[in-house]
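One structure is given here, and the rest of the page talks about it.
The values are calculated or read from the model by the stated rules, or taken from the named source; none is laboratory data. If you're wondering where the values come from, they're calculated on a predicted model, not measured in any experiment. Note: ideal-geometry Cβ built from the backbone for every residue, glycine included; neighbour counts use all protein chains shown. Heads up: the accessible areas ignore ligands, DNA and RNA and are worked out on the full protein's heavy atoms, side chains in. Shrake-Rupley method; radii C 1.70, N 1.55, O 1.52, S 1.80 Å.
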Amino acid sequence: MRTFLTENFLLSTPTARTLYHTVAAKQPIIDYHCHIAPREIYENRRFDDLTQLWLDNDHYKWRLLRANGVEEKYVTGDGDGWEKFRRFAEVLPKAIGNPMVHWCHMELKNYFGWDGFLSGETAREAWDFCNEKLQSAPDFSARGLILRSRVEMVGTTDDPCDSLEWHRKLASDKDFPVRVYPTFRPDRALQIHQSGFTDYIRRLERMAGYPLAAVEDVKRALSDRIAYFAAQGCRTADHGLEYVSFRRLPGTALNAVYRSVLSGGVPAREDIEAWQTELLLHCAGEYARHGLAMQLHYTCLRNPNSRAFAELGPDTGFDCAAPADSGGTLAKLLDELEKSGILPRTILYSLNPNDNIFLDTLIGSFQSPGVPGRLQHGSAWWFNDNRAGMTEHLTGLANQGLLGNFVGMLTDSRSFLSYVRHEYFRRILCNLLGSWVENGEYPNDLGLLGGLVEDICYQNAKRYFDL
């Protein structure tokens, strides 16, 4: 029986161990998609206790607490920090098979040096041990944790109306070597059916400095903001979609829909899809013009629990994978951009793993000369970033294309400790490659293998995002 979480955790063969320890573990991190607040990085936030650092803003942990019947006061509410931590410690042993067991203990071990197993019985020991480190060690600040993780680049997620004040300040701070770049995320401009759309348009109007009376005005405003983001170092844009639509309407009809919504009207589904298609096509062309990569995250059903949404608002851990079929419409969207010569480098993510074979083969239909891996099937996303999901994703990508061109892992997180997810991914990658070698399916050539691992873990992303 193996000991829990040793240095060879998840590495089942000698080849896997060699690849991880001699190559993968040494690579810096390019975390090109996350939800960390740039202000916290600039101000070098420190944390009062382990709950503030470890439990606040972590949807994965919140979902486990709720699954165990813990009242919301000790999840997102105003419960005492120790009591929140204690309740989570009591829950974690029940999560056998869940990646949170691995991530949590990797975080406690890698950053704090605590190598016990968290439970109700060990909660006080872990709490006291880690809080002492938080208060006494200088490198437990936001910047310190990023530097300790050997991160070279952080890609935050930012609204078009964001002034990017904190990004500008970070760019001029010569004492912090990590590049923190904004990511253009115009979801609210595309969500014409959501409450608050009119208020958002007025906000975008103030930022643009001119009236947004028609569709072309909204496009112009988004173009101006994309140019501004690019000037501030932006390398990528991102869209979060329930499903990918493709529906066209003439400009006059779309303007009528827009004016109706601004006056309080409720758009039909066909009108919503036409609006989203029009703006997504426009933005994609601008991304191509400014050299930005486009990320499309889709098949996520947001806020299915209306009571929880009313009480807690969005982004509180109640979203789920959606069964929507976006295959034909996504292909049409890419084809329209390709025909127009404006298809940017694009990374596609579906929250539904049933889409894996479709995405693996679709990206092969739109590759192009001069840009290795122009289209990417993005890393196993959200509910899929576990051992089974990552292995399935990597295997499918290898079966259908060039795994060696994959741009690798990201955290997609709001936590400064989530960089262990890169380690987790790298161990799974090396274990998969090692199994193929040990089975005689690939030569035991450490030069070739090491180059593949280095590329997937670091170099491909560095090239893809022009770093």
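A count restricted to region 104-123 and to residues that are over 27 Å from A461 (Cβ atoms), in contact (Cβ under 8 Å) with a residue 24 or more places away in the chain and in a helix (DSSP H, G or I) stands at 1. Just one of the listed residues (N57, N131) is at positive phi and either outside any loop (DSSP other than H, G, I, E, B) or in contact (Cβ under 8 Å) with a residue 24 or more places away in the chain (or both), namely N57. Restricting attention to region 13-54, the residues being open to solvent by less than 60 Å² (accessible area, probe 1.4 Å), farther than 24 Å from M153 by Cα and part of a loop (DSSP other than H, G, I, E, B) number 2. For Y210, the requirement of being under 30 Å from Y464 (Cα atoms), in contact with a helix residue (DSSP H, G or I) (Cβ under 9 Å, 6 or more places away or on another chain), open to solvent by 10 Å² or more (accessible area, probe 1.4 Å) and not in a helix (DSSP H, G or I) is not met.
A single entry from G440, G434 fulfils the requirement of being at pLDDT 95 or above, more than 14 Å from the chain's Cα centre (by Cα) and buried (at least 17 other Cβ atoms within 10 Å of the Cβ): G434.
Which residues, counting only those in region 413-467, are part of a helix (DSSP H, G or I), within 14 Å of I30 (Cα to Cα) and of a type in the set (G, A, S)? Across region 413-467, the qualifying residue is only A461. Yes or no: R414 over 22 Å from G451 (Cβ atoms), among the basic types (K, R), open to solvent by 10 Å² or more (accessible area, probe 1.4 Å) and at pLDDT below 95? Considered against the rule, which asks whether it is over 22 Å from G451 (Cβ atoms), among the basic types (K, R), open to solvent by 10 Å² or more (accessible area, probe 1.4 Å) and at pLDDT below 95, R414 comes out as yes.
For region 91-98, the count of residues that are of a type in the set (A, V, I, L, M, F, W, C), part of a loop (DSSP other than H, G, I, E, B) and either modelled with pLDDT of 95 or more or open to solvent by 30 Å² or more (accessible area, probe 1.4 Å) (or both) is nonzero. Candidates S223, S195: the one that is on the phi < 0 side of the Ramachandran plot and in a loop (DSSP other than H, G, I, E, B) is S195.
Of all residues in region 345-355, those that are surrounded by fewer than 21 Cβ atoms within 10 Å (Cβ to Cβ) and touching a helix residue (DSSP H, G or I) at 6+ places or on another chain (Cβ under 6 Å) total 1. Taken over region 315-331, the criterion of being more than 19 Å from the chain's Cα centre (by Cα) and crowded, with 16+ Cβ neighbours inside 10 Å is satisfied by A324, S326, T329, L330, A331. Comparison of L279, L292, L296, L312 shows that the only residue that is crowded, with 19+ Cβ neighbours inside 10 Å and farther than 17 Å from Q191 by Cβ is L292. In summary, I342 fulfils each of the numbered conditions (1) part of a loop (DSSP other than H, G, I, E, B); (2) crowded, with 18+ Cβ neighbours inside 10 Å with the single exception of condition (2). For region 68-80, the criterion of being over 25 Å from N131 (Cβ atoms) and either of a type in the set (K, R) or not in a loop (DSSP other than H, G, I, E, B) (or both) is satisfied by no residue at all.
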